[in-house]
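This report refers to the structure that appears directly beneath it.
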C-alpha cells in the first residue's frame with residue numbers, strides 16, 4: 001500500500017500540466033469574484049436543481065454567448081459545490097477551466113489530466129485504475145499522457161468505481177478547447193451518457209459551459225437528434241438582473257473615483273442598462289472607455305455614441321491607437337494572439353527586439369537590457385484589448401472574443417482597420433522566424449548550444465537550469481515552441497520563407513532537428529525544402545531515429561518515397577533496434 005502511494009505521487013507529478021486549483025485562483029484574481037448577490041439565479045433553475053440533487057448520472061450544459069459571464073458563473077458554482085462537498089464526505093468534486101490562450105489548458109488531453117489529477121488527490125485509492133498502464137508505460141509516460149483515448153479509458157473506469165464517491169465534474173469554456181480534441185472529448189462524453197457505460201447506481205454529475213457553437217451542439221445529440229443531457233441557455237432575461245447589479249456597482253465606483261455629479265452618474269447607469277444587451281464584457285469595456293475621458297463635460301457626448309456590439313467596441317479601441325504607435329501595436333497584437341501561452345512582459349520585449357526592424361546594432365548578438373526595458377510597457381498602446389497580470393507578469397488579451405475578432409474575416413474586410421487583421425499561418429511564420437533568430441544568436445553558438453550533435457550524429461536538446469532560463473528571458477519559450485510555430489506555419493513557409501534571407505541556413509543543428517520533426521509529422525513540402533537547403537539526411541534524434549524511420553513509423557508514404565529518392569538507407573536502426 002505504501003509503495004502504491006509513492007508511485008501514485010510520482011504519477012501525479014507527471015500528470016500535472018497546470019494545477020486547476022491555481023488556474024481558478026488566477027481567474028478569480030484577474031476577473032474578480034463577482035458583484036455580491038449575482039449568479040444566484042442559477043441555483044433556482046429547475047434543470048440545475050435536478051442536476052444537483054438527482055440520484056442518476058446526469059449531464060448539464062450551460063450555453064451562452066461571448067462576454068455574458070459564463071466563467072464568473074462557473075467560478076460561483078465551484079464555490080457552491082465546494083461548500084456542498086465540505087458537508088458530504090461521499091462527494092468528490094473536480095473542475096477545469098479551459099483557456100484557448102494557453103497551450104497547457106486548451107486540449108482535451110490537458111483537460112482530462114487536470115480532472116484525473118484532482119480525482120487521484122482526493123481519492124488515492126483510484127490509482128488502481130492507472131497502475132497497469134503506469135507500469136507498462138513507465139518508460140514512455142509522455143506517450144500515455146498524450147493519448148486522449150487512454151486517458152479517457154482511465155477516467156471512465158474511475159467514474160464507474162464506487163470508491164470514487166458521488167463525482168461532480170465542472171468544465172468551463174469547452175469551446176476554447178482545440179477543435180479536433182474537443183470533438184473527440186465530446187464524442188466520449190456522449191457515449192458515457194448514452195451507451196450504458198455507467199452503473200445506474202453511480203451518481204456522476206457532469207456540467208459544461210460553452211458558447212452556442214454548432215459543432216458542439218451537433219456532437220452532443222443522440223442518434224434520434226435529441227440533446228444528450230439537459231441544455232440550459234444563459235440568455236439576456238436570466239443574466240440582466242446580475243448585469244444591472246454589476247453596472248450599478250461599477251458606475252458608483254467610477255463616479256466616486258472621478259467625482260461625477262449625481263445626475264451624470266444616473267445617466268450613465270440608465271444608458272448602459274438600456275444598451276448592454278446582457279453582455280458583461282461590453283459594459284466593462286464601455287466603462288473603461290468612459291474612465292479614460294479626461295474632461296467630465298465630454299462624458300455625455302460619449303454616451304450618445306456608444307458602440308452597439310463587442311465588435312464595434314473593439315473597432316473603437318483600434319481606431320484610438322495613435323499613428324506613432326500603430327506599427328508597434330500590430331506586432332504586439334500578432335505576438336500575443338499567436339503565442340502558444342501568455343508571454344511575460346520580458347518575453348514580449350525580447351521577441352519584439354529580435355523581430356523585424358528592431359535591434360540593428362548587431363543582429364548576431366542579443367540586445368542589451370536597456371533596449372528591453374524601453375520596450376516592456378509598449379503593450380499599453382493596445383489597452384484595454386490587452387492587460388498585464390501583475391502576479392505573473394504576463395500580457396493577456398482581455399477576452400477570447402478579442403482573439404476571435406483579430407482573426408476574423410470581418411476585420412480583414414474593414415478597409416480602415418484591416419492592417420490589424422491577423423493571418424494565423426503567416427503570423428506563426430513570423431514567430432517561428434523570431435524564435436529561430438533568437439536561438440541562432442552568437443550567445444547560443446548559432447543553435448549548437450540549444451541542440452547538440454554527438455559523435456553518432458544524434459541531436460540532443462540541451463536542458464537548461466532555472467537560473468539560465470531566468471537570465472535569458474525568451475530562451476524557454478523559443479526552445480519549447482519554435483517547432484510548433486514552424487508546423488503551424490507550413491503553408492506560409494512555402495510562399496513567404498526565404499531560407500538565406502531569414503538566416504535559416506546558419507544553424508545546422510536546429511535545421512536538422514526541424515527535418516526530423518517535419519518527417520515525423522508527414523510534412524512532405526517542408527522536408528523537401530529542408531533537404532534542398534542542406535539538411536542532413538542521416539541526422540538522428542536522441543533515440544537514434546532517422547527522418548526515414550520517423551516518417552515510416554508515422555505511415556507517411558510520400559515522405560518515405562521522397563527520402564528514399566534522396567538516398568536514405570532502408571536498414572537504419574533506432575535506439576530500440
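Some notes on this structure:
- Between residue 89 and residue 122, full extension at 0.36 nm per residue minus the direct alpha carbon distance yields a gain of 10.8 nm.
- Helix content alone sets the calculated 222 nm mean residue ellipticity of the chain: runs of n ≥ 4 DSSP H residues at -39500 (n - 2.57) each, divided across all residues, give -15500 deg cm²/dmol.
- Centre separation in Å (Cα based) which lies between the range 493-539 and the range 434-478: 18 Å
- Share antiparallel - DSSP beta bridges, the chain, percent rounded to 5: 30 percent
- Using 0.36 nm per residue and subtracting the Cα-Cα separation, the extra length available between residue 132 and residue 49 on full extension is 26.0 nm.
- Applying 0.36 nm per residue to the separation of residue 240 and residue 147 and subtracting their alpha-carbon distance, the gain on full extension is 29.3 nm.
- Scoring 153-162, 61-70 by mean Cβ neighbours within 10 Å over their residues and listing the highest first yields 61-70, 153-162.
- Approximating the spin labels as points 7 Å out from Cα along Cα→Cβ, the residue 104-to-residue 415 distance works out to 4.7 nm.
- Among 471, 408, 542, 401, sorting on how many other beta-carbon atoms sit within 10 Å of each Cβ, with the fewest leading, yields 471, 542, 408, 401.
- Against the empirical curve 2.2 N^0.38 Å, the C-alpha radius of gyration of the range 287-417 lands at a ratio of 1.17.
- Ranked for footprinting exposure by Cβ neighbours inside 10 Å, fewest first, 260, 538, 135 give 135, 538, 260.
- Arranged from fewest to most other beta-carbon atoms within 10 Å of their beta carbon, 213, 224, 569 become 224, 569, 213.
- Two-site FRET efficiency, residue 266 against residue 22, from Cβ-Cβ distance with R₀ of 35 Å, rounded to 0.05: 0.30
- Fraction of antiparallel bridges per DSSP, the range 2-233 only, in percent to nearest 5: 5 percent
- Between the range 211-241 and the range 129-176, the alpha-carbon center distance in angstrom: 26 Å
- Highest mean first, the peptides 85-91, 390-396, 243-249, 547-553 sorted by other C-beta atoms within 10 Å per residue fall in the order 547-553, 243-249, 390-396, 85-91.
- Mean-position separation - Cα centroids, the range 269-293 and the range 294-327, in angstrom: 12 Å
- The label-point distance for residue 323 and residue 253, in a model that sets each label 7 Å from Cα toward Cβ, rounds to 3.7 nm.
All of the numbers you see were taken from the coordinates with simple rules; none came from a lab. If you're wondering where the values come from, they're calculated on a predicted model, not measured in any experiment. Glycine gets a Cβ as well: all are built from the backbone with ideal geometry, and neighbour counts include every protein chain shown.
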